[in-house]
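A short worksheet on the structure shown next.
The values are calculated or read from the model by the stated rules, or taken from the named source; none is laboratory data. Since the model is a prediction, treat every value here as computed from it, not as a measurement. Because the Cβ atoms are built from the backbone with ideal geometry, glycine has one as well, and the counts that use them run over all protein chains shown. The accessibility values were calculated without ligands, DNA or RNA, using every heavy atom of the protein model including side chains. Shrake-Rupley method; radii C 1.70, N 1.55, O 1.52, S 1.80 Å.
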Amino acid sequence: MPVLELPDRPSLDNLRQQARTLQRLVRAGLPGALDTVTEFHPRLGAMAPDSPLLGAFSLADAQLVLARHYGFPSWPRLRQYLAEVARYTREPHRQPTRGPAAAGPADLADDFLRLACLVYDGYDQDRIEQAERILAEHPEVARASIWTSAAAGEHAHVTALLAADLALAGRSGGPFDWEPLLYACYARVTQQAGQGPGRSTLEVARRLLAAGADANAGYLWAGLPSPFTALTGALGRGEGAPPAHPRAMELATLLLEAGADANDSQALYNCGLQSPPDDDGYLRLLLRFGLGRGTGGPWHERLAPVHHSPRQLLDQELIKAVRKDLPDRVALLLAHRADPAGPGIRPGGHTAWEWATLGGRREILDLLASTGPAPPADPVLVFLGACMAGDADQVRALRAADPGITAEAMAREPDILVDAAEENRPAAVRLLVRSGYDVNMPRRAGGYGPLHGAAWNGHLDMVRLLLDLGADPAAEDRTHHGTPADWAARNHQADTAAFLATLTDPEPGPPA
């Protein structure tokens, strides 16, 4: 049985109820429940539905089985994980601002912090500009507390505060209940206002770290198990493409030299969202400071096994580089001993070898082959790789040798047509549709079709090709119920949105 994935913000009461339910089902001799016990209980073997041992199956037994089914070695370890999630969860994106009619200086200071820092719920530059206006109109806010001074970059004032009370370096406070280092790393006011004399969040961070601030400080955004650390804040980016810190590489290096762990899952996710990536600087820095090595640091200790190991994170970066067709990055990761046969962060998922084969990435396959022998060929992946590479002769030969290969491919890899459309690979789209793929088949996760993917990316020629092949311009995705035209407009692809709108907008009626 696969290991289950805990929901976001898991409830201890709910898990206790699950354990009680499992106990009842086992005592009743339900075969599926007995199979779960057989696989996940370390001491109980297979039990028949009429076994006299069923009545002795205790709640503690059920809790142990449930914990192991979720990937934890024991029920106490699962409870410890839940306690850590509760302790570190913050929801900065849900903090309202009071606006210009704030009741007093403390409210104004809190408003400044709420507006000045990245909160990752749809980046809005206007919030940063509002924070800058508060600073311009109320300069005293910058010295209202250690937290506002950190966000405003008032390093001289921070130094004075620390001289009076060194413990302030690690004291949580402000509207987000963050340590000062986090406010310094997530604030963005100086990006627009400029690093004026006496203002530098980089220098604030330097002073805080020298005073004993935790370089691994962080929080769990809405309870998600990928910590938003000081390093995550320094490197920026992510959903909505919020900016990096204006001196991101210097700040990140400072944090890493002070002991921040380079196996930062959220920083890797955020920086990896750009496509294609603008540079590999962040990745080279993290590799230099130990990405893929070590224990994973304090966050892995708190959150494992839900938090991924250094090896998993490194192998996932290789998978991402393969999927984005970045051979230089693949070579970089292989040089740092990423494993082409590793599943990354999704046990049971495709390896880098399999993704390269599936995507028809022949240059990358050559790079992977330099590390050792290729695994046995999977005929379905080879067939789909030939489609993705636009190799019509190989596709024809494979289909002739195995007439059922297309049906097997569609059952195993139904999303590949969406991938081809998003990657703007017209030859692949033609071959896949000719082989039997439905041009309107939605992706399993997200429920959007090839035309949505092409529209989102502004691939107008691909949009036209998909329409010629029978794609429905009025189809709605299953999550947001948007048409391809909606998707193009949402991603600011004006030409594509306008073209698609002409196909779906109703014809104007006769004048009244």
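Is there a residue in the range 211-224 that is farther than 25 Å from Thr148 by Cβ and modelled with pLDDT of 95 or more?
Of all residues in the range 211-224, those farther than 25 Å from Thr148 by Cβ come to 223-224.
If we keep only those that are modelled with pLDDT of 95 or more too, we end up with none.
The answer is no; no qualifying residue exists.
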Out of Val439, Val433, sole residue that is surrounded by fewer than 23 Cβ atoms within 10 Å (Cβ to Cβ), without any contact (Cβ under 8 Å) to a residue 60 or more places away in the chain and under 16 Å from Ala386 (Cα atoms)
Val433
Sort out for me the helices (runs of 4 or more DSSP H) sitting completely within the range 334-401 that have 3 or more residues that are under 26 Å from Arg284 (Cβ atoms).
352-358, 362-369
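Could you tell me whether Asp126 is open to solvent by 40 Å² or more (accessible area, probe 1.4 Å), under 21 Å from Gly238 (Cβ atoms) and within 35 Å of the chain's Cα centre (by Cα)?
Working: open to solvent by 40 Å² or more (accessible area, probe 1.4 Å): yes; under 21 Å from Gly238 (Cβ atoms): yes; within 35 Å of the chain's Cα centre (by Cα): yes.
When the stated conditions are applied, Asp126 passes them.
Please go through the range 8-29 and give me each residue that is hydroxyl-bearing (Ser, Thr, Tyr) and open to solvent by 80 Å² or more (accessible area, probe 1.4 Å), ordered by number. Steps first, answer last, please.
Narrowing the range 8-29 to residues hydroxyl-bearing (Ser, Thr, Tyr): 11, 21.
Passing the criteria: none in range.
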In the range 482-503, residue nearest to Val429 (Cα to Cα) [restricted to those that are open to solvent by 50 Å² or more (accessible area, probe 1.4 Å) and at pLDDT below 95]:
Leu503
Contacts under 6 angstrom Cβ, first residue in the range 154-165 being under 19 Å from Ala116 (Cβ atoms) and part of a helix (DSSP H, G or I), partner of a type in the set (Gly, Ala, Ser) and modelled with pLDDT under 95, 6 or more apart
His155/Ser200; Ala156/Gly198
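Out of the residues in the range 196-218 meeting the condition of being touching a Phe, Trp or Tyr at 6+ places or on another chain (Cβ under 9 Å) and buried (at least 22 other Cβ atoms within 10 Å of the Cβ), tell me which one is nearest to Thr232 (Cα to Cα).
At the first step, the residues of the range 196-218 found to be touching a Phe, Trp or Tyr at 6+ places or on another chain (Cβ under 9 Å) are 201, 204, 216-218.
Narrowing further to those that are buried (at least 22 other Cβ atoms within 10 Å of the Cβ): 201, 204, 217-218.
On the way: Thr201: 15, Val204: 17, Ala217: 10, Gly218: 9 Å.
Here the residue is Gly218.
In the range 220-242, which residues are open to solvent by less than 30 Å² (accessible area, probe 1.4 Å), outside any helix (DSSP H, G or I) and not polar (S, T, N, Q)? Reasoning before the result, please.
Let us first name the residues in the range 220-242 that are open to solvent by less than 30 Å² (accessible area, probe 1.4 Å), namely 220, 222-223, 226-236, 238, 242.
Those left that are additionally outside any helix (DSSP H, G or I): 220, 222-223, 226-229, 236, 238, 242.
Passing the criteria: Leu220, Ala222, Gly223, Pro227, Phe228, Gly236, Gly238, Pro242.
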Of the residues that make up the range 299-308, is at least one more than 30 Å from Arg425 (Cα to Cα), of a type in the set (Val, Ile, Thr) and either free of Cβ contacts under 8 Å to residues at least 24 places away in the same chain or surrounded by fewer than 22 Cβ atoms within 10 Å (Cβ to Cβ) (or both)?
yes
List the residue pairs whose Cβ atoms are under 8 Å apart, where the first residue sits in the range 234-248 and is in contact (Cβ under 8 Å) with a residue 24 or more places away in the chain and within 23 Å of Asn491 (Cβ to Cβ), the second is open to solvent by 60 Å² or more (accessible area, probe 1.4 Å) and aliphatic (A, V, I, L, M), and the two are 6 or more positions apart or on different chains.
Arg237/Leu273; Gly238/Leu273; Glu239/Leu273; Ala241/Leu273
Looking at the range 129-148, which of its residues are among the hydrophobic types (A, V, I, L, M, F, W, C), part of a helix (DSSP H, G or I) and buried (at least 17 other Cβ atoms within 10 Å of the Cβ)?
Ala131, Ile134, Leu135, Val141, Ala142, Ile146, Trp147
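In this structure, is Pro327 at pLDDT below 95 and not aromatic (Phe, Trp, Tyr)?
On the way: at pLDDT below 95: no; not aromatic (Phe, Trp, Tyr): yes.
Answer is no for this residue.
Quick one: which of Asp315, Asp325 is assigned to a helix (DSSP H, G or I) and charged (D, E, K, R)?
Values: Asp325 fails: assigned to a helix (DSSP H, G or I).
Only one candidate qualifies: Asp315.
Conditions (1) over 18 Å from Ala428 (Cα atoms); (2) touching a residue at least 24 places away in the same chain (Cβ under 8 Å), marked per residue:
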position: Leu334; (1), (2): yes, yes
position: Pro343; (1), (2): yes, yes
position: Trp353; (1), (2): yes, no
position: Arg362; (1), (2): no, yes
position: Thr371; (1), (2): yes, yes
position: Pro379; (1), (2): no, yes
List the pairs whose first member sits in the range 390-408 and is within 19 Å of Arg362 (Cα to Cα), whose second member is outside any helix (DSSP H, G or I) and open to solvent by 60 Å² or more (accessible area, probe 1.4 Å), and whose Cβ atoms are under 7 Å apart, counting only residues at least 6 apart or on separate chains?
none
